[in-house]
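> Before I ask anything, here is the structure I am working with.
The values are calculated or read from the model by the stated rules, or taken from the named source; none is laboratory data. It should be emphasised that the depicted structure is a prediction, and the values quoted were computed from it without experimental measurement. Heads up, the Cβs are rebuilt from the backbone with ideal geometry, glycines too, and the neighbour counts pull from every protein chain shown. Side chains included, ligands, DNA and RNA excluded: accessible areas come from the protein's heavy atoms. Shrake-Rupley method; radii C 1.70, N 1.55, O 1.52, S 1.80 Å.
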Amino acid sequence: MAASENKVRKFGHPGKGRRNARYEGKGRQIDPAALADIQKLLGKAPRRRDLLIEHLHLIQDSKGQLSTPHLVALAHEMKLSLAEVFEVATFYAHFDAVADGETSPPPVTIRVCDSLSCEIAGSESLYQALEERLDKTKIRILRAPCMGRCECAPVAEIGHRHIVSASPESVAKVAEAGQTEPEIATYIEIDQYMKNGGYGLIRSCLNGDFNVENILSILEDSNLRGLGGAGFPTGRKWRFVRAEPKPRLLAVNADEGEPGTFKDRYYMERDPHRFLEGMLIAAWAVEAEECFIYLRDEYPGIRHILETEITKLQNAGLAKDTKITLRRGAGAYICGEESAMLESIEGKRGEPRHKPPFPSQVGLFGRPTLINNVETLYWVRDIIERGANWFANEGRNGSKGLRSFSVSGRVADPGVKLAPAGITVNELIQEYCGGMAEGHIFKAYLPGGASGGILPASKGDIPLDFGTLESEGCLIGSAAVIVLSNQDNLRAAALNLMRFFEYESCGQCTPCRVGTEKAVKLMQAPEWDGPLLTELSQTMMDASICGLGQAAPNPLLMVLKYFPEDLT
């Protein structure tokens, strides 16, 4: 859409000499057929502002694109300006906003993951082979960021169906057969979960067998922390939100987009009710009126699972005091940042908010909001039923608790590994991953995904936990461990990660928006300008609004420090 077209409606001048001439609209005119389409798609759904992204998904799923006439009609139907609709439609990667005169995308889209774990597994060769093999008038092939299936790289997505350990033959076969719907994993349904004692704890809470102070004390004694990456003590966070005035809300961050992270997907597609019960206990503890689950769009199979099981949960009368709302992301890594997630739930661009105030004070729709990661809530039931010591007594090297490590890369047996907090990467590889993959020698590792930095194998005995890696310039984050070998070039790995950050920057602040772009250009040069890259990195870390820009330089700084041989 041209810049002159992206504006509110203006009115023409009255005819010469006519004082009371009628003004005629000069802006976008509503296409009756498009408006009829929108009204049919939305049906009786509310036209609230916070449902804008949900309504855009309805159009995208139905039409395969977001045409200008449909966006104009949606803006009219929701009583929003076209600018408000258009800025959201063009922000998220999974929406195809097609302007007048532009060619519509082909009916089938294949996305090939190009994040680090997939790249070292051959995703670029896969992409090139598909480009040569498939009819691009019928099939569009795109490079895409992490899809949360790093343990079975390389990965491709056809419509909403994922192909793991993908080859050109397997992808082409599915694409040509038109199989675009997600495969649904086998999981523990509500009846089986309840037979095994599930939802007994929330019933006890609602019946008064537990008081809130009991629950908070157990969580505090267990040392359970936020397992989405921040590591804030869970019990303390619940106290903070509970101390704020009503009404209060709860938001579940199920938008794990950090390259290398897939633990939340692992738990949700196997035992979804364990996390849902933890969510209901949290809502009971802070007296939240409504729970919002923000699920990344790369998990369509899990969306089907949750839609099915939440309905059963509600029909069983287990959520009488708390409304549960499932919200669908649209392909934006930045929405894993808690305040950007809140903006997205409100139907806006996923841009981080300035803090303070913090979400526990002024969160979703301006209300005090408890935000927890999926895995954090997943452990609540077990910790309360088994006691704080059960969880706290786990751990090594002075750490407490369990961690779910998402391990990918050059190991023999990648996957989610439930291991003691504080385990070292050497121990993790040998005890839980079957050692290195055949023919590979341990060279380096990412302890916390793309933003966690890169350390050499010589630093493989550092405990993996909150507070143990910061002195090395690294972070454990969500415990996404990517293992690299002597067959990997660390310069290329750092460039891959910086390209990811450049693509995923929301663009709100200059240090991140411009800094990631400039860093990519400098890192593509035949020789790295170390002093300039260091200065640029410091600016990004000091001045970026959120963790994306602040942590983006970590990998390149570690390569400059530890892997100078890979720069020549």
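> Within the stretch 219-235, work out how many residues are open to solvent by 10 Å² or more (accessible area, probe 1.4 Å) and within 20 Å of the chain's Cα centre (by Cα). Give the steps one after another, and end with the answer.
Quick first cut of the stretch 219-235, residues open to solvent by 10 Å² or more (accessible area, probe 1.4 Å) only: 220-221, 223, 225-226, 228-230, 232-233.
From the residues that got through so far, the ones that are within 20 Å of the chain's Cα centre (by Cα) too are 225-226, 228-230, 232.
Counting residues in the stretch 219-235 that are open to solvent by 10 Å² or more (accessible area, probe 1.4 Å) and within 20 Å of the chain's Cα centre (by Cα) gives 6.
> Then there's this: Could you please find all residues in the stretch 372-421 being acidic (Asp, Glu) and within 30 Å of LEU342 (Cα to Cα)?
Step one: list which residues in the stretch 372-421 are acidic (Asp, Glu), which gives 375, 382, 385, 394, 413.
Across the stretch 372-421, the qualifying residues are GLU375, ASP382.
> If I go through the stretch 104-128 residue by residue, how many of them are of a type in the set (Ser, Thr, Tyr), free of Cβ contacts under 8 Å to residues at least 60 places away in the same chain and closer than 17 Å to GLU151 by Cα?
Step one: list which residues in the stretch 104-128 are of a type in the set (Ser, Thr, Tyr), which gives 104, 109, 115, 117, 123, 125, 127.
Next, only the ones that are free of Cβ contacts under 8 Å to residues at least 60 places away in the same chain stay: 104, 109, 123, 125, 127.
Retained after the next criterion (residues that are closer than 17 Å to GLU151 by Cα): 123.
Going through the stretch 104-128 one residue at a time, the tally reaches 1.
> Something else now. For residues that are within 17 Å of GLY301 (Cα to Cα) and out of contact with any His (no Cβ under 7 Å at 6 or more places or on another chain), scanning just the stretch 179-197, find the one that is modelled with the lowest pLDDT.
GLN179
> In the stretch 161-170, how many residues are open to solvent by 50 Å² or more (accessible area, probe 1.4 Å) and either under 20 Å from HIS57 (Cα atoms) or not in a loop (DSSP other than H, G, I, E, B) (or both)?
Of the residues in the stretch 161-170, the ones open to solvent by 50 Å² or more (accessible area, probe 1.4 Å) are 164-165, 169.
With either under 20 Å from HIS57 (Cα atoms) or not in a loop (DSSP other than H, G, I, E, B) (or both) added as a condition, the list becomes 169.
Residues flagged as open to solvent by 50 Å² or more (accessible area, probe 1.4 Å) and either under 20 Å from HIS57 (Cα atoms) or not in a loop (DSSP other than H, G, I, E, B) (or both) within the stretch 161-170 amount to 1.
> Looking at the stretch 308-317, which of its residues are touching a residue at least 40 places away in the same chain (Cβ under 8 Å) and open to solvent by 10 Å² or more (accessible area, probe 1.4 Å)? If you could, list the steps in order and put the result at the bottom.
Going residue by residue through the stretch 308-317, those that are touching a residue at least 40 places away in the same chain (Cβ under 8 Å) are 309, 312-313, 316.
LYS312, ALA316, listed by residue number.
For (1) touching a strand residue (DSSP E or B) at 6+ places or on another chain (Cβ under 6 Å); (2) of a type outside the set (S, T, N, Q), each residue gets a yes or a no:
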| position | (1), (2) |
| --- | --- |
| GLY200 | no, yes |
| SER217 | no, no |
| GLU220 | no, yes |
| LEU224 | no, yes |
| ARG239 | no, yes |
| GLU258 | yes, yes |
| ARG265 | no, yes |
| GLU277 | no, yes |
| LEU306 | yes, yes |
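> While we're looking at this one, here's another question. Taking the stretch 533-543, which residues are open to solvent by less than 30 Å² (accessible area, probe 1.4 Å) and either at pLDDT below 95 or closer than 25 Å to SER458 by Cα (or both)? Even if it seems obvious, please write down each step before you answer.
In the first step, residues of the stretch 533-543 are kept if they are open to solvent by less than 30 Å² (accessible area, probe 1.4 Å); the result is 533, 537, 540.
Of everything in the stretch 533-543, those that are open to solvent by less than 30 Å² (accessible area, probe 1.4 Å) and either at pLDDT below 95 or closer than 25 Å to SER458 by Cα (or both) turn out to be LEU533, SER537.
> Please work out which one of (1) open to solvent by 30 Å² or more (accessible area, probe 1.4 Å); (2) in contact (Cβ under 8 Å) with a residue 40 or more places away in the chain; (3) over 23 Å from GLU502 (Cα atoms) is the condition GLU131 fails and give its number.
(2)
> Name the single residue that is surrounded by the most Cβ atoms within 10 Å (Cβ to Cβ) among those in the stretch 549-568 being more than 18 Å from ALA450 (Cβ to Cβ) and out of contact with any helix residue (DSSP H, G or I) (no Cβ under 8 Å at 6 or more places or on another chain).
Per the stated criteria, the residue is PRO564.
> Quick one: count up the residues across the stretch 321-342 that are within 18 Å of ALA230 (Cβ to Cβ) and of a type outside the set (A, V, I, L, M).
Total satisfying the criteria: 6.
Yes/no matrix, rows are residues, columns are (1) closer than 25 Å to ALA330 by Cα; (2) of a type in the set (Ser, Thr, Tyr); (3) part of a loop (DSSP other than H, G, I, E, B); (4) modelled with pLDDT of 95 or more:
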site	(1), (2), (3), (4)
MET1	yes, no, yes, no
SER4	no, yes, no, no
VAL8	no, no, yes, no
LYS16	no, no, yes, no
ARG22	no, no, yes, no
GLY27	no, no, yes, no
ILE30	no, no, yes, no
SER62	yes, yes, no, yes
TYR92	yes, yes, yes, yes
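> Take CYS546 and decide whether it is surrounded by 18 or more Cβ atoms within 10 Å (Cβ to Cβ) and in contact (Cβ under 8 Å) with a residue 60 or more places away in the chain. Write out each step before concluding.
Details: surrounded by 18 or more Cβ atoms within 10 Å (Cβ to Cβ): yes; in contact (Cβ under 8 Å) with a residue 60 or more places away in the chain: yes.
Against the criterion (surrounded by 18 or more Cβ atoms within 10 Å (Cβ to Cβ) and in contact (Cβ under 8 Å) with a residue 60 or more places away in the chain), CYS546 qualifies.
> Could you grab me the full set of residues in the stretch 192-215 that are of a type in the set (Phe, Trp, Tyr), open to solvent by less than 50 Å² (accessible area, probe 1.4 Å) and out of contact with any Leu (no Cβ under 7 Å at 6 or more places or on another chain)?
Listed by number, the list holds a single entry, TYR193.
For every residue, the table says whether it meets (1) in contact with a Pro (Cβ under 9 Å, 6 or more places away or on another chain); (2) closer than 20 Å to ASP61 by Cα; (3) surrounded by fewer than 17 Cβ atoms within 10 Å (Cβ to Cβ).
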{"site": "PRO107", "(1), (2), (3)": "no, yes, yes"}
{"site": "LEU126", "(1), (2), (3)": "yes, no, no"}
{"site": "LEU142", "(1), (2), (3)": "no, yes, yes"}
{"site": "MET147", "(1), (2), (3)": "no, yes, no"}
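> All but one of (1) part of a loop (DSSP other than H, G, I, E, B); (2) among the hydrophobic types (A, V, I, L, M, F, W, C); (3) open to solvent by less than 10 Å² (accessible area, probe 1.4 Å); (4) farther than 24 Å from PHE232 by Cβ hold for LEU484; which doesn't?
(1)
> OK, next. Considering each of LEU469, LEU475, LEU490, LEU497 in turn, give the residue that is in contact (Cβ under 8 Å) with a residue 40 or more places away in the chain and under 25 Å from LYS400 (Cβ atoms).
Checking each option against the conditions leaves just LEU475.
> For the stretch 322-341, how many residues are under 15 Å from GLU298 (Cα atoms), among the aliphatic types (A, V, I, L, M) and touching a residue at least 60 places away in the same chain (Cβ under 8 Å)?
Just the residues of the stretch 322-341 that are under 15 Å from GLU298 (Cα atoms), to begin with: 326-336.
Those still in the list that are among the aliphatic types (A, V, I, L, M) too: 326, 330, 332, 334.
Narrowing further to those that are touching a residue at least 60 places away in the same chain (Cβ under 8 Å): 330, 332, 334.
Going through the stretch 322-341 one residue at a time, the tally reaches 3.
> Those residues that are open to solvent by 50 Å² or more (accessible area, probe 1.4 Å) and without any contact (Cβ under 8 Å) to a residue 60 or more places away in the chain, I need them from the stretch 276-307; list them, please.
GLU287, GLU289, GLU307
> So which of GLU431, GLU502 is assigned to a helix (DSSP H, G or I), open to solvent by 50 Å² or more (accessible area, probe 1.4 Å), within 26 Å of TYR266 (Cα to Cα) and out of contact with any Pro (no Cβ under 8 Å at 6 or more places or on another chain)? Please lay out each step first, then the result.
Numbers: GLU502 fails: within 26 Å of TYR266 (Cα to Cα).
That would be GLU431, the only listed residue that is assigned to a helix (DSSP H, G or I), open to solvent by 50 Å² or more (accessible area, probe 1.4 Å), within 26 Å of TYR266 (Cα to Cα) and out of contact with any Pro (no Cβ under 8 Å at 6 or more places or on another chain).
> Go through the stretch 517-532 and give me each residue that's open to solvent by less than 40 Å² (accessible area, probe 1.4 Å) and either outside any helix (DSSP H, G or I) or closer than 13 Å to LEU495 by Cβ (or both). It would help to see each step written out before you state the result.
To start, the set of residues in the stretch 517-532 that are open to solvent by less than 40 Å² (accessible area, probe 1.4 Å) comprises 519-520, 523, 525, 528, 530.
Those that are open to solvent by less than 40 Å² (accessible area, probe 1.4 Å) and either outside any helix (DSSP H, G or I) or closer than 13 Å to LEU495 by Cβ (or both): ALA519, VAL520, MET523, ALA525, TRP528.
> Might you let me know whether the stretch 300-315 holds any residue that is among the acidic types (Asp, Glu) and in contact with a helix residue (DSSP H, G or I) (Cβ under 7 Å, 6 or more places away or on another chain)?
Looking through the stretch 300-315, at least one residue is among the acidic types (Asp, Glu) and in contact with a helix residue (DSSP H, G or I) (Cβ under 7 Å, 6 or more places away or on another chain).
> Here's another thing I want to ask about it. Tell me which helices (runs of 4 or more DSSP H) are completely within the stretch 242-347 and hold 1 or more residues being more than 17 Å from the chain's Cα centre (by Cα), modelled with pLDDT of 95 or more and not acidic (Asp, Glu), or say none if there are none.
Numbers: elements: 263-268, 272-286, 300-315, 338-345.
In the stretch 242-347, 272-286, 300-315 are the helices (runs of 4 or more DSSP H) which contain 1 or more residues that are more than 17 Å from the chain's Cα centre (by Cα), modelled with pLDDT of 95 or more and not acidic (Asp, Glu).
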